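K.L.:
Got a structure for you, questions after.
The values are calculated or read from the model by the stated rules, or taken from the named source; none is laboratory data. Since the structure is predicted, the reported quantities are computational estimates derived from the model, not experimental observations. Counting neighbours? That spans all protein chains shown, and the Cβs are built from the backbone with ideal geometry, glycine included. Remember, those area values only see protein heavy atoms, side chains included, never the ligands or the DNA or RNA. Shrake-Rupley method; radii C 1.70, N 1.55, O 1.52, S 1.80 Å.
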Amino acid sequence: MTDSPEPHEPQAPQLNAATLGAFVARVRAERGLTQRQLGERLYVSDKTVSKWGTEGV
C-alpha cells in the first residue's frame with residue numbers, strides 16, 4: 001500500500017463587495033447589458049445593480 005495524500009475540499013476564493021462588484025461590472029459589460037437590463041433580468045432595480053459596483057470601493 002502506498003501513502004496517498006488525504007483528500008481535501010478545494011478552497012473557495014474569498015469574495016468581498018469589491019470583488020463581486022468588479023465581477024458584475026465586467027460580465028455586464030461583456031454581455032452588453034445596461035444596469036437597468038441586468039436589474040430586470042434579476043428582478044432588482046438598476047439602483048441595486050449600481051450599488052453592487054460601488055460597494056467596498
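K.L.:
Could you list, in sequence order, the residues of the stretch 43-57 that are free of Cβ contacts under 8 Å to residues at least 40 places away in the same chain and open to solvent by less than 90 Å² (accessible area, probe 1.4 Å)?
P.N.:
Result: 44, 45, 46, 48, 49, 50, 52, 53, 54.
K.L.:
Quick one: which residue in 29, 12 is open to solvent by less than 90 Å² (accessible area, probe 1.4 Å), at pLDDT below 85 and of a type in the set (A, V, I, L, M, F, W, C)?
P.N.:
Exactly one of 29, 12 is open to solvent by less than 90 Å² (accessible area, probe 1.4 Å), at pLDDT below 85 and of a type in the set (A, V, I, L, M, F, W, C), namely 12.
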